[in-house]
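This report refers to the structure that appears directly beneath it.
Just so it is clear, none of the values below were taken in a lab; they were calculated from the coordinates. Here the structure is a predicted model, which means the values were calculated and not measured. A quick note on method: Cβ atoms are made from the backbone with ideal geometry, for glycine too, and the neighbour counts reach across all protein chains shown.
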Amino acid sequence: MQLRKIIHIDMDAFFASVEQNDFPELKGKPIAVGGEHRGVVAAASYEARKFGVKSAMPSKTAKEKCPILIFVPPRFSRYKEISQQIKSIFLEYTDLVEPLSLDEAYLDVTVNKKNISSANDIAREIRAEIFNKTGLTASAGISTNKFLAKIASDINKPNGQKTIHPQNILSFLEKLPIEKFHGIGSVTANKMHSLHIYNGKDLKEKSLEFLTQHFGKNGSYYFSVVRGIHFGEVRPNRLQKSVAVEHTFWKDIFDDVVVIAELKRLCEELQMRLSKKEIKGKTITLKIKYKDFSQYTRSRTQDYYVENELLEIVLQLWEYRPYDRAVRLLGLSISNLNINEKKNISIQLKLPFEEGFG
Ligand code: DCP
Ligand code: CA
Ligand code: CA
């Protein structure tokens, strides 16, 4: 079997770099894209990161860390426009492009339109072309699967690239700290630490049975990826998995009446989006973010596609809220969509209420 050549491209400090590029007076300065008085930092320029400012940090904390921080409001349509531009550059090389978000994508260049044999050369060309067309820098990771390419693109960021060659994969993974494994978040990393797993070498010493016992079906994923095995294909038409709407309040809300009115509004908005796209779904998720930024979700899966009952289900989910505290954000999403029906032939047995933390 021929080894695949996968590239992961990710733009550097995306929203912040776009703002600095469009407004040159912001260049070289610590900036944060996001709301100054309420809300969180979406993106921080590299100058701001030196002060410890990071994505998802409350704006207030960011300002304490960096008093000279300049806040810039986001311009999503501009980010989408640039996202389209970089995507059209990717398509000059291959049709196997899988966008993960506005600023990153996987490319399978095993066979490519320019017949370039070195994926490393392709990544360099693409980064140069992105810079020429947009004035922005990107970083790239190159290896034989998506998992490795994604990890690699972070190594020489910003404005750099890293290839993990086939002969180095196993030793690279052995040395890799467990929290750097793509798909292992801080909760799982802590659990791994408690089991004395700190790096890939420790992970590889555990049996499949041990990992499944402690991590359920994810255990077999960890077992494979640490051995350099990950068959996930670059899927150009990623199926839409959910439709979501959310609203952050200008003022934290404690009044149940206001919350319920807002839930009604969100239901209407969601229903409008669904009917426009002719989509239906079976799983409804309510997201609640409290004043202290703690966030909870409550989900319910019906055995039919939800239509008129949406509001009723959402109000029931609200009854299952974990706390009666002031709310700063409410969100609704619907998943298990009819457009994916063919893919979901297997019937999943689910408890009526699921809990998740995100
Ligand atoms: N973003 C956001 N909220 C977050 C994280 C990110 O709105 N919690 C937005 C702003 C980012 C963009 O998505 O610019 C891309 O996110 P990345 O995680 O790729 O981060 P950056 O591109 O900002 O920085 P890096 O250079 O580390 O990739
Ligand atoms: Ca990025
Ligand atoms: Ca990204």
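Inside the stretch 92-121, residues that are assigned to a loop (DSSP other than H, G, I, E, B) and more than 16 Å from ligand 3 (Cβ to nearest atom) make up a count of 15.
Screening the stretch 31-43 for residues that are among the small types (Gly, Ala, Ser) and within 17 Å of the chain's Cα centre (by Cα) and picking the one that is nearest to ligand 2 (Cβ to nearest atom) gives Ala43.
Mind counting the residues in the stretch 109-151 that are β-branched (Val, Ile, Thr), in contact (Cβ under 8 Å) with a residue 40 or more places away in the chain and within 14 Å of ligand 1 (Cβ to nearest atom)? Within the stretch 109-151, residues that are β-branched (Val, Ile, Thr), in contact (Cβ under 8 Å) with a residue 40 or more places away in the chain and within 14 Å of ligand 1 (Cβ to nearest atom) number 3.
Here Glu246 meets each of (1) among the acidic types (Asp, Glu); (2) exposed (fewer than 12 other Cβ atoms within 10 Å of the Cβ); (3) outside any loop (DSSP other than H, G, I, E, B) with one exception, condition (2). Candidates are the residues of the stretch 76-91 that are touching a residue at least 24 places away in the same chain (Cβ under 8 Å) and either away from ligand 3 (no atom under 15 Å from the Cβ) or among the hydroxyl-bearing types (Ser, Thr, Tyr) (or both); the one that is farthest from Ile122 (Cα to Cα) is Arg78.
Would you mind finding the one in Tyr93, Tyr79, Tyr46 that is of a type in the set (Ser, Thr, Tyr), more than 16 Å from ligand 2 (Cβ to nearest atom) and surrounded by 14 or more Cβ atoms within 10 Å (Cβ to Cβ)?
When all the criteria are applied, what remains is Tyr93.
Taken together, the residues in the stretch 155-181 that are touching a residue at least 40 places away in the same chain (Cβ under 8 Å), in a loop (DSSP other than H, G, I, E, B) and surrounded by fewer than 21 Cβ atoms within 10 Å (Cβ to Cβ) amount to 3. Could you say whether any residue in the stretch 100-108 is within 12 Å of ligand 1 (Cβ to nearest atom) and under 16 Å from Asp22 (Cβ atoms)? Within the stretch 100-108 (the criterion being within 12 Å of ligand 1 (Cβ to nearest atom) and under 16 Å from Asp22 (Cβ atoms)), the answer is yes, since at least one residue qualifies. When the residues of the stretch 49-75 are filtered to those that are buried (at least 16 other Cβ atoms within 10 Å of the Cβ) and among the polar types (S, T, N, Q), the one that is farthest from ligand 1 (Cβ to nearest atom) is Ser59. What residue, among those in the stretch 38-66 that are closer than 18 Å to Glu19 by Cβ and part of a strand (DSSP E or B), is farthest from ligand 3 (Cβ to nearest atom)? Top of the filtered list is Val40. Of the residues making up the stretch 128-155, those that are within 15 Å of ligand 3 (Cβ to nearest atom) and of a type outside the set (A, V, I, L, M, F, W, C) are Thr137, Ser139, Gly141, Lys146, Lys150, Ser153, Asp154. It is to be established whether one or more residues within the stretch 9-19 are exposed (fewer than 15 other Cβ atoms within 10 Å of the Cβ), farther than 25 Å from Pro236 by Cβ and more than 14 Å from ligand 3 (Cβ to nearest atom). No: the stretch 9-19 contains no residue that is exposed (fewer than 15 other Cβ atoms within 10 Å of the Cβ), farther than 25 Å from Pro236 by Cβ and more than 14 Å from ligand 3 (Cβ to nearest atom).
With respect to Ile86, is the statement that it is among the aliphatic types (A, V, I, L, M) and assigned to a loop (DSSP other than H, G, I, E, B) true? No, not satisfied.
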